Amino acid sequence: MTPAVFQHGRGDLALFLHVLGATTLFGAVVVLVTLAIAARRSADPQPTARVLFRVWLFAVLPAFILLRVAAEWILSLEKKDIPGLDNKGWVGVGFLVTDVGFLVLLALGVSAFFASRRDGHGRATTITAVLGSIYLAALVAAWFAMSAKPGM
């Protein structure tokens with residue numbers, strides 16, 4: 001059983017923003033992957049592909065920034081109450097997914113940009129769908145680690 005270390009009023013906003021960012025990031029990446037797959041399978045991929053970069057720029061990127069900033073805020077609030085918190089397995093998984101995930105998200109943004117510029121034709125749309133799917137799997141792993149807190 002996980003001990004309750006959360007004190008009311010101390011980190012409510014930080015936790016809310018972190019969960020909001022994580023949920024929005026997951027949903028935005030699902031939308032991005034769905035649009036990329038739809039553009040690849042469509043006879044006329046232009047309208048769908050043109051939205052790809054906008055989804056990345058206005059949904060994925062802000063959600064990632066919110067998720068990461070709120071995670072650092074929570075860690076700074078809870079570090080003094082839980083010694084060694086930054087070395088816990090579930091926190092490490094979250095940082096791994098966001099640190100490496102930042103590079104994946106940059107590559108995803110570049111591929112979404114080229115897919116939208118080429119109107120859905122070419123490899124950029126496929127790369128967007130594949131990278132987005134890989135990042136979704138990583139987000140699911142982080143989601144499990146954050147909610148189940150294995151090793152605590």
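Every number here is computed from the coordinates shown, using simple stated rules; none is lab data. Predicted, not measured: the structure shown is a model, and the values here were computed from it. Positions of Cβ are backbone-derived with ideal geometry, glycine not excepted, and every protein chain shown enters the neighbour counts.
Please sort 129-135, 92-98 by packing, taking for each peptide the average over its residues of neighbouring beta carbons within 10 angstrom, highest first.
129-135, 92-98
Step through the residues of the range 37-46 one at a time and calculate ³J(HN,Hα) from phi using the Karplus curve (6.51 cos²θ - 1.76 cosθ + 1.60, θ = phi - 60°), rounding each to whole Hz and writing x for Gly and Pro.
These are the phi-based 3J(HN,Hα) values: 5, 5, 5, 5, 8, 7, 6, 10, x, 4 Hz.
In degrees between 0 and 90, to the nearest 10, how far off the longest principal axis of the chain does helix 123-148 point, with axes built from Cα atoms?
Approximately 20 degrees, to the nearest ten.
Along each principal axis of its Cα atoms, how long is the range 13-112 end to end? Whole angstroms, biggest number first, please.
57, 23, 16
Once you put a point 7 Å from the Cα of Val69 and another 7 Å from the Cα of Thr126, both along the Cβ direction, what distance in nm separates them?
According to this spin-label approximation, the distance is 3.8 nm.
In nm, give the distance between the simple-model label positions of Phe16 and Asp99, each being 7 Å from the Cα along the Cα-to-Cβ direction.
Result: 3.1 nm between the two label points.
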